[in-house]
1. Could you please put Arg45, Arg24, Arg15 in sequence from largest to smallest accessible area, using a 1.4 Å probe?
2. Once the Cβ-Cβ distance between Ser72 and Leu51 is put in as r, and R0 is 35 Å, what FRET efficiency do you end up with, to the nearest 0.05?
3. At R0 = 35 Å, how high is the FRET efficiency between Thr32 and Ala4 if r is their beta carbon distance? Nearest 0.05 is fine.
4. Under the 0.36 nm per residue contour assumption, what length would be gained going from the current alpha-carbon distance of Thr12 and Glu42 to full extension?
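The values are calculated or read from the model by the stated rules, or taken from the named source; none is laboratory data. Keep in mind that this is a model prediction, so the values were computed, not measured. Here the Cβ positions follow ideal geometry from the backbone for every residue, glycine too, while neighbour counts run over all protein chains shown. Heads up: the accessible areas ignore ligands, DNA and RNA and are worked out on the full protein's heavy atoms, side chains in. Shrake-Rupley method; radii C 1.70, N 1.55, O 1.52, S 1.80 Å.
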Amino acid sequence: MPGADIVELLGTVDRLARCVDSLRSSRLGEPTVFLRLVDDVEQLRVNVATLMGELVGGAPTHPSAGERPAVSVSDMPYDSGLWHGADDEGVGGHRPQISPRLGPAGA
């Protein structure tokens, strides 16, 4: 059972969500700041739920870095055909760029 502090935190997040919804539905419309606030309130709910899980279960709900499964990456070379006709990376290239419709660049 969550402690009084957690219950108070849940109530505070719910009150914040109601305030954001009220402001959002008022004359202020849908500015981007309200969309961010809605996302922030949702993230607060997720964080409180995670905290509750850790307090009740005694262990984090997400694995630590050492417990995550390793991802194997092949060291086999890629097929050179993938880069056929590609220019060097960087600013500009060594060959003129040709548009399929317009011809050489600048023409």
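1. Values: Arg45 95, Arg24 75, Arg15 120 Å².
Largest to smallest exposure gives the sequence Arg15, Arg45, Arg24.
2. 0.55
3. The computed FRET efficiency comes out at 0.45.
4. 9.5 nm
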